[in-house]
Structure formats: C-alpha cells, structure tokens
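The values are calculated or read from the model by the stated rules, or taken from the named source; none is laboratory data. Computed from a predicted structure; not experimentally measured. FYI the Cβ positions are ideal-geometry reconstructions off the backbone, even for glycines, and counts take in every protein chain you see. Remember, those area values only see protein heavy atoms, side chains included, never the ligands or the DNA or RNA. Shrake-Rupley method; radii C 1.70, N 1.55, O 1.52, S 1.80 Å.
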Amino acid sequence: MSAGRVAPSPQVPVKCLVWDLDNTLWQGILLEDETVTLPEAVLTTIRALDARGILQSVASKNDHETAWEQLHALGVAEFFVLPEIGWGVKSASVRRIAEQLGFAHSTIAFIDDQPAERAEVAFHLPDVRCYPAEQATRLSGLPEFTPATTTVDSQQRRRLYQAGFERAAERASFAGPDEDFLRSLELVLCVARASGAELSRVEELTLRTSQMNATGVHYPDAELRRLLTDPAHEVLVATLADRFGPHGAVGVLLVHKHREMWHLKLLATSCRVVSFGVGTVIVNWLVDQASRAGVHLVADFRPTDRNRIMEVAYRFAGFGEEECACHLVPADASPGVLRLHLTPAPRPAPTTMLVEAPDLAEREGMQPP
C-alpha cells in the first residue's frame, strides 16, 4: 500500500481534515527551529474548508502546550476541534478524533509531510484518505472537499460542534436530574416558515437524517420552492439555541392543510438533539395547533430499520391506525407509507424549553377536502 494512497472515492465527502503541524500546516519544526511560519496559501485553505462546513483537527507529535500556544500565536487555534498533540502514534489520534465526532473513517482525511506517518495511518485506518503536505494548498479544489451545497448551518458547523463539546462537558458534571439540566440550558426552539434562502437547510436535513426521519423522502430544491408558493402547504424549519450558542437547524416539517384535516407529509429532526426531546416538543406543538384549528392530523410514516425512534414518538403522541372519515381526503401517498391518525386535544407547553412559533391556524388558503 502506497504511503500517498488516497481512498475512498471522492464521491464520499470529507467531513473532517486532520492536520499534521511541522512542515505541513506550518513551515519549520517547532521544537528545533527558532520560528515557524504559516503560509498564506495554507491559511486560505483552512478558511475555505471551514466556510464549507468541513471540520478540521490536529494529529501532531509535539509538546501539547507549546504547539497549542503556537497555533494561538498564528491566529488559527479556533479553527481546530479535538486536537491530538502528543507523542503517540497518529493512527490512534485520528481514530479518537473520528470516534469523538461520531464520523465514519471514510469521511476523515489526514495530511502529513512524512510518508511513514501517512503509511502508518493508512495501514491501521484503511478508509481514511491520506494526503502529502504539498497538496495542502490544493485541497479546496478537490471534489471530496467541495460539498454539493453550503448552508447557513454548514458555514457555522465548527462553532456548533465547539458549543456542543462545552455543553457535553457541563452535562457530564451536572449532579441533578436530567430535566433540571435541560432547564439550565435555557433552550429556545424556534419554528418558522421557511424562506427561499433557507431551503438548502431543509433539503440538507432530509438528506442527512435517517433515524429521525418519518418517511425518508427527499424533497429536492425545485419541489420545495414550488410548495413555498402553495398557500395550502406549510414548509417549516425548526432551529434550537441555548446559553452555549446555536444548535442550528434541527427540524423540518411539511404540512398539507385541508379544511378538516392537516396532512403531515414529512417530519425530520436532527439526531444530535434527540436527548433534548426536540422531536416530542415539535409533535406536541403541531398537535396543539391542529386542536386550536379544529382539524384532525394524519401523519405519514414509512418504517425502516433505522427510524424506530420516530415511530415511538408518533405512537407516544397518540397517533394510531384507526379509521376516520378524514382518510377519504385525497392525499399524496408513496408505497409502503402508513397513514397514522390523531384527533388532537390541547397540549401543555414544554417545561424544558421556550417555543417560539407561528399560529398555523391563522393562515388563509387551506385546501378544501
């Protein structure tokens, strides 16, 4: 196996690039040379990848405190998450970074000036792509480092993860009940009607989410733009924030509003907020809205081997398979999709977060049965 081997296919996008430091990220050897320098072209690469939502980390054989101080002195420390700076083998460092991020090895890239270091990583982690240091300034032009879309959330992905690490650390040290911890976060869930500029966030959620996607249906940009102009449809995006910072877009809903029934065609929430109960809060909010509007709810659900947790959320909210006249209302249906029914009743506000959302019952233009 070549030390310069690059795998797998560029069609698998890179989600995290792990940098070596000496003679890779900077020029020079920190513990031997009087100074080290950061080439402007490398800085451009770092900034470009960060803007695309590609996380960056460090695996370097160096004194941790000295190297981290140097990264701060060069003004780039903030760009790197979960740095692994020490004297262990680099494959172990890269493995720990991937595990802490929850990323598959096929989405990790590693860059180092030493062929032996690249070979060691490639041998132990064959799915990690390895690049020689001379490619550092060309990475942003490679297809695997060029996402199909760049959303508002992808542009701040590094900050989302950094806030998440701080949040997780506080959760680990919190001594009280889980509900008390959630209240301490000062969570604010905002549900809003999507604008044209936010459609990429909606499309990204339907593509990236499998465990918390009720149907697995992907709505392309053109279809979403058409639905935005249809007064009988609501395209909604949920975002979450707390005292540590934003979580970004965490949910998407697509509701077809008939006069006596609302058809929930799509509900997808991000897996990273499952522990905050966001999916349950969104479902209860919609049930309460339907109750206030005096309509029944019908929700599409296609069972898969990964979205069992979404079915539990629907069933726990009261959705079932009982027959109702509202089932006679024409509705789009795909093969293998169950139509779950609920006669709504008012739902109390959540105790762990504030919900800011529109009043769906006030919108004109609901389609008659």
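Residue check, A268 against (1) outside any helix (DSSP H, G or I); (2) more than 19 Å from H341 (Cα to Cα); (3) not hydroxyl-bearing (S, T, Y), all met but one. Which one?
Condition not satisfied by A268: (2).
Can you find a residue that is in a loop (DSSP other than H, G, I, E, B) and over 26 Å from the mean Cα position of the chain (by Cα) anywhere in the stretch 131-146?
No: the stretch 131-146 contains no residue that is in a loop (DSSP other than H, G, I, E, B) and over 26 Å from the mean Cα position of the chain (by Cα).
Determine which member of the set L55, L25, L31, L43 is touching a residue at least 40 places away in the same chain (Cβ under 8 Å) and out of contact with any Cys (no Cβ under 8 Å at 6 or more places or on another chain).
Testing whether each residue is touching a residue at least 40 places away in the same chain (Cβ under 8 Å) and out of contact with any Cys (no Cβ under 8 Å at 6 or more places or on another chain) leaves just L25.
For the stretch 149-188, enumerate the residues that are outside any helix (DSSP H, G or I) and in contact (Cβ under 8 Å) with a residue 24 or more places away in the chain.
T149, T150, T151, Q156, L185, E186, L187, V188
Can you tell me which residue among S93, S106 is closer than 22 Å to W68 by Cα and either of a type in the set (F, W, Y) or in a helix (DSSP H, G or I) (or both)?
Only one candidate passes the filter, namely S93.
Can L240 be described as under 21 Å from H341 (Cα atoms), outside any helix (DSSP H, G or I) and open to solvent by less than 10 Å² (accessible area, probe 1.4 Å)?
Spelling it out, it is not the case that L240 is under 21 Å from H341 (Cα atoms), outside any helix (DSSP H, G or I) and open to solvent by less than 10 Å² (accessible area, probe 1.4 Å).
Among the residues in the stretch 305-315, are any assigned to a helix (DSSP H, G or I), at pLDDT 90 or above, closer than 15 Å to H341 by Cβ and open to solvent by less than 20 Å² (accessible area, probe 1.4 Å)?
no
Please specify each residue of the stretch 47-69 satisfying the condition of being polar (S, T, N, Q) and surrounded by 19 or more Cβ atoms within 10 Å (Cβ to Cβ).
Across the stretch 47-69, the qualifying residues are Q56, S57, S60, N62.
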